[in-house]
Amino acid sequence: MNFLIAALLTAALVLTGCTSSTYGKTFEALETNQSATKNHYKLKVYTGGFAGPEFAKKDLDVEAKKFMTNNPRYKSYKILSEEFELVPSGVTFVVEFIE
């Protein structure tokens, strides 16, 4: 019985840990010498529990809107790639901001 209670509590903690955050980080310009990639930026969104790329896209969207507010020449963005990492748990997005 104690094992069952411990298992249920552990499962509840893991499932409630489905969160994501940028931990105060913002978009970083990709270092390149090609003008075609001048509007390419990356952002890592850290996730917890079973939160994956779809959950992390919510934080990406919030951060992208903030970035575009501070950089009014950008009107929209598109995700070029996303890479999930298990440890530390997170998703690194590469986006292109469109003028």
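Every number in this text was worked out from the coordinates using simple rules, so none of it is lab data. Quick caveat, the model's predicted, so the values are computed rather than measured. Virtual Cβ from ideal backbone geometry, glycine too; neighbours counted across all protein chains shown.
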> So what's the net charge close to residue 72: Lys and Arg +1, Asp and Glu -1, counting the other residues with Cβ under 15 Å from its Cβ?
Replying inline: +3
>> Students often forget the sequence filter, so: which lysines lie under 17 Å Cα-Cα from residue 57 once same-chain residues fewer than 8 apart are removed?
In response: 25, 42, 44, 65, 66, 78
